[in-house]
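One structure is given here, and the rest of the page talks about it.
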Ligand code: NAD
């Protein structure tokens, strides 16, 4: 069933949350648009102008690594001042309700953690764009010194071990973080309410999680502004603005 009236959507969500004992909130870029972080597929999205460099090109070619860092910093400038929105605060409150509740996110913007959600219960499927790592040894690097050096010399960062340093996000073609994926699958299997919020549900394997949860008897509720390919699987589709629908849970 699709609910597009705001008060009906809020009431249905309150009922489902009240009845659940273990909740997974699965989020995509739509939860962050009200914070000034553009989503991926909207028609005027800067991600279309500056698409991420695929992983195989990044590792194969110095010029591609330079371009990847140029695009990364240009995108970072667009949402440098983003801070959590109503959706993030609502989901942080939901995580605080019960230690079994978790947030599984495709987002790379760190806003769930900034909103106060316990970091150990935020499972990042596509990494985190607020720092970098060496692809060979995994050492963490902060972005500010990398950017200073890149803008001064044009040189891309290289780890002391000789490995390439890359934004700690998962690029197209890059292996998924296996531990995060395994934890997300466990959470989907164990929950009794799976809320898919602000995702177009087309990026796999992440988009397989709602179906996995439903196959293990969880209630599936999709909150999104437009149709998704998994709407037909959901018990309820709450169509509207995420911040508006989650507002009652945000304070
Ligand atoms: P997507 O852009 O494919 O889908 C976002 C969905 O949210 C769309 O269906 C859109 O209509 C909806 N939406 C946007 N704002 C909304 C609002 N205020 N209310 C209701 N619905 C709204 O994003 P995706 O499914 O997360 O896939 C994109 C990939 O790109 C992800 O893997 C992610 O790693 C990456 N990405 C992340 C960020 C971020 O961290 N914030 C931003 C852009 C892209």
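Just so you know, all these numbers are worked out from the coordinates, no wet-lab data involved. Note that the structure is predicted; figures quoted are calculated from it, not measured. Positions of Cβ are backbone-derived with ideal geometry, glycine not excepted, and every protein chain shown enters the neighbour counts.
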Per the rule of 0.36 nm per residue minus the C-alpha distance, extending residue 70 to residue 216 adds in nm 48.2 nm
Rounded to the nearest Å, the spacing of the alpha-carbon centers of region 1-67 and region 109-182 is 18
A correct Stokes-Einstein calculation for region 161-242, using the alpha-carbon Kirkwood radius, 10 °C and 1.306 mPa s, returns a whole-number D in µm² s⁻¹ of 113
To the nearest 0.05, the calculated FRET efficiency linking residue 186 and residue 56 through their beta-carbon distance, R0 being 22 Å, is 0.15
dims of region 1-158, Cα set, principal axes, largest to smallest, nearest Å -> 56, 35, 28
Rounded to two decimals, the Debye log10 I(q)/I(0) of region 1-86 (Cα scatterers, no solvent) at q = 0.16, 0.27 Å⁻¹ is -0.82, -1.29
Under the 7 Å Cα-to-Cβ spin-label approximation, residue 77 and residue 4 lie apart by a distance in nanometres of 3.9
extent check for region 91-238: Cα max minus min per principal axis, descending, whole Å, gives 54, 30, 27
In the chain the DSSP beta bridges are antiparallel at a rate, in percent to nearest 5, of 25
Stretched fully, the stretch from residue 147 through residue 44 gains (0.36 nm per residue minus C-alpha distance, one decimal, in nm) 34.5 nm
The equivalent-ellipsoid semi-axes of region 39-122, taken as the square roots of five times the Cα gyration tensor eigenvalues and listed largest first in whole Å, are 31, 15, 11
